[in-house]
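Report on the structure given below.
Values quoted throughout were computed directly from the atomic coordinates according to the rules given, and no laboratory measurement underlies them. Being a predicted model, the structure only gives us computed values, none of them experimental. Here the Cβ positions follow ideal geometry from the backbone for every residue, glycine too, while neighbour counts run over all protein chains shown.
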Amino acid sequence: MTQFGRRGRLLPQVSTARRALEYTLTQSLGRAPEPTDLVLVALSGGPDSLALAAAAAHFSRRRRFQVGAVVVDHQLQEGSGAVAAVAAGQAKELGLDPVVIQAVTVQRGADGPEAAARDARYAVLCDQMAATGAHAVLLGHTRDDQAETVLLGLARGSGTRSLAGMAPVSTRGGLRLLRPLLGHTRQDTEGICTAEQLAPWMDPTNKDQSFMRARVRHTVLPFLEQELGPGVAASLSRTAAILGADADALEEQAQILLDRAQREAAAQVQDGVAQPAPTGSVLLSLSALQTQPEALTRRVLARACVLAGGQPVAHERLEALAELAAGTGQAGPVQMAGKVSVYRRRPIRPRRSRAERPRGTLEFRRTD
């Protein structure tokens with residue numbers, strides 16, 4: 001395999017991919033990688049994940065850190081087993097170890113086949129990360145994928161976090177995910193595969209316009225580039241990075257406010273001003289939320305719902321919850337996804353001073 005151009009120089013896209021991988025892994029570890037560290041490449045056999053495997057193999061060959069691969073056969077297309085075998089074979093040729101192929105049966109859910117396949121894939125990756133003791137799983141998402149994600153978020157009317165797209169370092173349940181190629185294009189990954197003399201598999205479903213992401217990729221983004229000029233994908237990716245930093249800051253402040261609202265509610269219970277909540281429930285002081293910006297209070301309410309055992313909050317339910325907290329909507333309770341009910345509780349008795357009088361509490365209670 002060769003990664004060099006005509007004059008023997010390392011091709012730029014190869015060297016930048018390696019640097020991006022080392023930087024992202026260092027950020028995730030909080031230190032420089034060590035020879036005992038193991039990461040797993042989520043390998044589909046496509047150009048993006050194959051290019052990432054090649055970049056990672058550079059460090060494995062030099063014993064900087066260990067690299068394995070997981071190939072998930074979704075069994076949704078004829079010949080998928082052969083595709084998985086070829087991908088695994090190329091991973092082994094690159095020197096990756098261990099290399100695991102695992103077939104899954106995708107249960108089609110309400111969110112469609114794409115989401116069901118993704119859930120099945122992530123379940124396998126989570127299991128393999130735990131089984132091998134790997135630090136993280138490497139995903140081959142590129143700048144083009146990021147741009148598509150932002151456009152899909154805009155179409156749904158999403159908030160800051162969703163429009164921030166995919167983070168270079170993130171978690172999903174017990175799964176730690178690294179995306180070192182978010183600054184690279186699909187053209188870059190194809191160039192890396194050519195330089196490494198690898199044969200990527202071109203997934204035909206990526207061109208199937210019955211899928212919304214495929215329509216964004218092959219119709220919407222090219223149209224925007226044509227009408228607005230080149231660089232739209234790069235601009236959308238940059239927007240995602242800016243919004244990601246903003247969302248991180250807001251969520252950090254929201255966690256601080258959530259902790260404060262819980263402490264104040266606990267103090268009100270201790271003082272006999274508020275009634276206690278059942279074990280496992282989340283109790284928030286409305287006084288703590290009263291003067292806070294809406295961007296923070298809504299995040300606090302959404303976090304409290306999940307903390308009580310509920311599911312991530314949809315926009316419509318969050319609107320109803322915000323109205324309950326402000327006292328401008330229904331008297332409650334508000335039913336949230338995940339069998340969580342939210343009650344607005346009045347103070348048991350006022351304090352002596354009107355200035356000290358609390359506004360009551362919000363109780364998030366699991367109802368199953």
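Annotations for the structure displayed:
- Taking only the Cα atoms of region 157-243, the radius of gyration and Dmax are 15.2, 43 Å.
- Most mobile of Gly309, Gly140, Gly30 in a GNM of the chain (Cα contacts under 10 Å): Gly30
- GNM result for the chain, Cα springs below 10 Å: residue of Pro33, Pro168, Pro347 fluctuating most strongly: Pro347
- Part-to-part distance (alpha-carbon centres) for region 232-254 and region 55-113, which is given in Å: 30 Å
- Given their separation in residues at 0.36 nm each and the Cα-Cα distance between them, Lys339 and Arg260 gain 25.9 nm when the chain is fully extended.
- Acute angle (nearest 10 degrees) that the helix 315-326 long axis makes with the longest principal axis of the chain, alpha-carbon atoms: 30 degrees
- Our summary gives region 4-230 a relative contact order of 23 percent, counting only alpha carbon pairs under 8 angstrom and 6 or more residues apart.
- Arg118 versus Ala130: modelled label distance in nm, points set 7 Å from Cα along the beta carbon direction: 2.2 nm
- Convex hull of region 4-230 built on C-alpha atoms - directionally averaged projected area, nm²: 13.5 nm²
- Value of D in µm² per second that Stokes-Einstein yields for region 261-366, Kirkwood Rh from Cα pairs, at 4 °C (1.567 mPa s): 95 µm²/s
- Calculated [θ] (222 nm, deg cm²/dmol) that DSSP helices of n ≥ 4 give over the chain, each run adding -39,500 (n - 2.57): -15500 deg cm²/dmol
- Peptides 227-239, 57-69, 272-284, 181-193 ranked from most to least packed, by the mean per-residue count of other Cβ atoms within 10 Å: 181-193, 57-69, 272-284, 227-239.
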